[in-house]
Structures are given as structure tokens and as C-alpha cells.
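J.: Attaching a single structure in C-alpha cells format; questions to follow.
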Amino acid sequence: MSHLTPFSEMVELVVVQLHKDDDVEALPLREEIDRLACQRIRPAQRRRLFHFRRAAFFALLTRFRKGSTVLRDAAGHIRALLDAREASHVCTSASGAVCAVAFCDKPVGVDIERADGPVDLVSLLDFIAAPCATGLKSLPPDIAAFEARMAWTRIEARLKQVGRGIHDYIVGGPAILTEEQGETRVMAAIGWVCALTHAGGPIEIRARLIDFRTLCDE
């Protein structure tokens, strides 16, 4: 009789979708640093998306880690949460009108890319000399684009999990990503692809999809 290996950790992953008729002002920006950053953005659509992402991030932080202190890096990005009992790792990602937040007690990386994004990821993967890029150009365009989104999000999630960025990959090449980092899982929907990298052994991923309007009502 086989037995399931018990999970040693759990990752909470939440994906939030913004619809074109949603009012982002219904969820105010909570911190002064975000309000000032939003005011400096001139194009209305970019300002709307920035408001959506930061407001959604903090609404989720309040919901899942109430009472925690948010720790940011020099660029203002959320990196960790600290409460009286323990420190929690958090990673965020956004692409157009969709964003993702992952919580875990160990280092975690997440990246999400929308299906209708303006960037040619096939060419970008070729530019950074990703090993998977070689075979993509021989595929039909739609399949190549989907495979490229999966490959790109996987790379980004693995980089974020160790506190690195795509520039580190360009300089160091694929060798900077080691198998010891942990496992990477990829989830796909019609409108987006999301990759999650976590450290350690067997892990449970609790994934949720929430509309922005629903988040405002909670």
C-alpha cells in the first residue's frame, strides 16, 4: 500500500484579475510611498494599473498576514513580512491587469505574464541565450508564444526566489540557476501563465483566483 509523502511547507498563491470597468479607487492606496509614486505616473492607464497592483497587494497582505510589518527593498518592492512570531517571505508579480502574490515561510519566487503582453518573449529568450530558445522558432507562432511564456515565467520565478533579476541571468547565464533552489511549478489559464518556485521538500500550494471587485467587497 502506498503512502503520500507529508507536506513540509505550504505556499499561498493568490492571483487577482482587474476588469476594464472596475474602479481602482474603491481600494485606496494605504501607504504614502505608494500614493506619491502613483501621483508621479502621467499616463492614465499606467497610473490605473499601478494603483490596482499596489492596492491589491496590500489588501491581500492584510487578509492573509494581518498585523505584519511590510519590509521593502530600495525600489519600494515588497520583499518580506515580519510579525511578533515569525518572518514570512512574500513575492509579487504583475502583468497588465493581472497580479500575483505568494506567501511562504521559506524563500519563494513568483512571476506572472499575461497572454496578450506586448513583449516578444521568443526573441527575448533568444537574446538572453536561454537554453530553451533554440527550438521555439521552429514552432507555430501561437505555440511558440505559449511555450515562451512558460519558459520566461519559470526563469523569472527562479531568479526572484534567490533575490536576483534578469540582468544577473544575462551576466551569469543559466548556470546561476541551480537545481538546489527547489522546484518550479507552472500554472496556465486562458489569459495568463504563472510560475512559482519554492525551496525545500514536498510542499502544498494553495492557489486562489480573485476578481478585484470581490477583493474590494471583502
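J.: Restricting to Cα pairs below 8 Å that are 6+ residues apart, what does the relative contact order work out to for the stretch 121-218? Please round to a whole percent.
T.: Taking the mean separation of contacting Cα pairs over the length of the stretch 121-218, I get 23 percent.
J.: Report, for the chain, the % of DSSP beta bridges that are antiparallel, rounded to 5.
T.: About 80 percent, rounded to the nearest 5.
J.: Note down, for the stretch 91-152, the three equivalent ellipsoid semi-axes (square root of 5 times each alpha carbon gyration tensor eigenvalue), biggest first, whole angstrom.
T.: For the stretch 91-152, the semi-axes come out at 25, 14, 9 Å.
J.: If you don't mind, there's one more thing I want to ask. For the pair residue 64/residue 216, report the inter-label distance in nm, with labels modelled 7 Å from Cα in the Cβ direction.
T.: Each label point lies 7 Å from its Cα, and together they span 2.2 nm.
J.: What figure, in Å² to the nearest 10, do you get for the accessible area of residue 30 with a 1.4 Å probe and non-protein molecules left out?
T.: 140 Å²
J.: Regarding the stretch 47-173, what's the average projected area of the Cα-atom convex hull, expressed in nm²?
T.: Computing the convex hull of the Cα atoms and averaging its projections yields 8.7 nm².
J.: Given H placed on each backbone N at 1.01 Å, which residues far from residue 192 in sequence or on other chains put an amide H within less than 5 Å of it?
T.: Under 5 Å from the amide H of residue 192 lie the amide H atoms of 115, each far enough along the sequence or on another chain.
J.: Using only the Cα atoms of the stretch 120-218, build the gyration tensor, take square roots of its eigenvalues as a ≥ b ≥ c, and label the shape rounded, prolate or oblate: rounded if a/c is under 1.5, else prolate if a/b is larger than b/c, else oblate.
T.: Oblate shape, in that a/c is at least 1.5 and b/c is the bigger or equal ratio.
J.: Which order do the peptides 45-57, 113-125 come out in when sorted by mean C-beta neighbours inside 10 angstrom, highest first?
T.: So the order, starting with the most tightly packed, is 45-57, 113-125.
J.: Let me ask something additional. May I ask you to derive the relative contact order of the chain, considering only C-alpha pairs under 8 Å and at least 6 residues apart, and to give it as an integer percent?
T.: It rounds to 27 percent for the chain.
J.: Tell me, what HN-Hα J-couplings in whole Hz come from the Karplus equation 6.51 cos²θ - 1.76 cosθ + 1.60 at θ = phi - 60° for each residue of the stretch 160-170, using x for Gly and Pro?
T.: Per-residue couplings from phi come out as 5, 4, 10, x, 10, x, 5, 5, 5, 5, 4 Hz.
J.: How much length, in nm to one decimal, is gained on full extension between residue 204 and residue 33, taken as 0.36 nm per residue of separation minus their Cα-Cα distance?
T.: So the extension gain works out to 58.2 nm.
J.: Just grab the label-to-label distance for residue 166 and residue 73, each label 7 Å out from Cα along the Cβ direction, in nm (one decimal).
T.: Rounded to a tenth, the inter-label distance reads 1.4 nm.
J.: Another question, then. Tell me which of 119, 56, 92 sits at the most positive position along the dipole axis of the stretch 6-141, charges placed on C-beta atoms (Lys, Arg +1; Asp, Glu -1).
T.: 56
J.: Sticking with this structure for a sec: If packing is taken as the average count of other Cβ atoms within 10 Å, what order do 152-162, 128-138 fall into, highest mean first?
T.: Peptide ranking by packing, descending: 152-162, 128-138.
J.: Please list the equivalent ellipsoid semi-axes of the chain, computed as the square roots of five times the alpha-carbon gyration tensor eigenvalues, in descending order and whole angstrom.
T.: Ellipsoid half-lengths, sorted descending, are 27, 24, 17 Å.
The values are calculated or read from the model by the stated rules, or taken from the named source; none is laboratory data. Owing to the predicted nature of the structure, the values given are computational and were not obtained by experimental measurement. So basically every Cβ, Gly included, is an ideal-geometry build from the backbone, and we count neighbours across all protein chains shown. Side chains included, ligands, DNA and RNA excluded: accessible areas come from the protein's heavy atoms. Shrake-Rupley method; radii C 1.70, N 1.55, O 1.52, S 1.80 Å.
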